[in-house]
Structure formats: structure tokens, C-alpha cells
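Asker: Just dropping this structure here.
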Amino acid sequence: MNELKEAALHYAEMGIAVFPLIEKEKKPLTANGFKDATTDPAKIEEWWSVHPNANIGIATGDMSGGLVAIDM
């Protein structure tokens, strides 16, 4: 299995909503960016099957149990 897909699925199992980003960038691959974030394994499998090298975007706030992130 692809390491990035495996990591995205692991985050989702922990209740952290994810979405794909353009490879080596912070730009979303989905039309609605973080608003498309999900913990649904089927959707994550689909995204990373089509884009196996996509970076992993993590939605913060209520979508991920109140997760807060600081990007430096």
C-alpha cells in the first residue's frame, strides 16, 4: 500500500479529517479544499488511488475533534 494513503487512512481512523493536496505543495486537489475533508476510508482510498503522491491536508477545528495546528 502507498505510504501516503496508509498515513491518510490512519489519521482518519483517529478521527482526523483529511483531504489531498497537490504533490509537494499545500494547494488542495479537491474543488472545495478543506471543506471536502473526510474520515471516510472509501473516499480516501479513491483520492489516493487517483493521486498516489498527493500530500495530506488535515482539516482543523470541529471536523477533526477541535484539532488546532500551527504552521511555521
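Asker: For the range 40-72, give me the residue count where each residue is open to solvent by less than 60 Å² (accessible area, probe 1.4 Å) and within 18 Å of residue 2 (Cα to Cα).
Answerer: 8
Asker: Could you grab the pairs with beta carbons closer than 8 Å, sequence gap of 6+ or different chains, first residue in the range 41-66 and assigned to a helix (DSSP H, G or I), second one open to solvent by 70 Å² or more (accessible area, probe 1.4 Å) and among the aromatic types (Phe, Trp, Tyr)?
Answerer: If the second residue must be open to solvent by 70 Å² or more (accessible area, probe 1.4 Å) and among the aromatic types (Phe, Trp, Tyr), the pairs left are 63/34.
Asker: Turning to a different aspect of this structure: For the range 28-39, which residues satisfy the criterion of being open to solvent by less than 70 Å² (accessible area, probe 1.4 Å) and either small (Gly, Ala, Ser) or closer than 15 Å to residue 7 by Cα (or both)?
Answerer: Across the range 28-39, the qualifying residues are 33, 37, 38, 39.
Asker: Ok, one more. Anything in the range 8-27 that is assigned to a helix (DSSP H, G or I) and open to solvent by 40 Å² or more (accessible area, probe 1.4 Å)? List them, or say none.
Answerer: 10, 11, 13
The values are calculated or read from the model by the stated rules, or taken from the named source; none is laboratory data. Note that the coordinates shown come from a computational prediction; the quantities given were computed from them, not determined experimentally. Reconstructed Cβ throughout: ideal geometry from the backbone, glycine too, with neighbour counts over all protein chains shown. These accessible areas exclude ligands, DNA and RNA; they are computed on the full protein's heavy atoms, side chains included. Shrake-Rupley method; radii C 1.70, N 1.55, O 1.52, S 1.80 Å.
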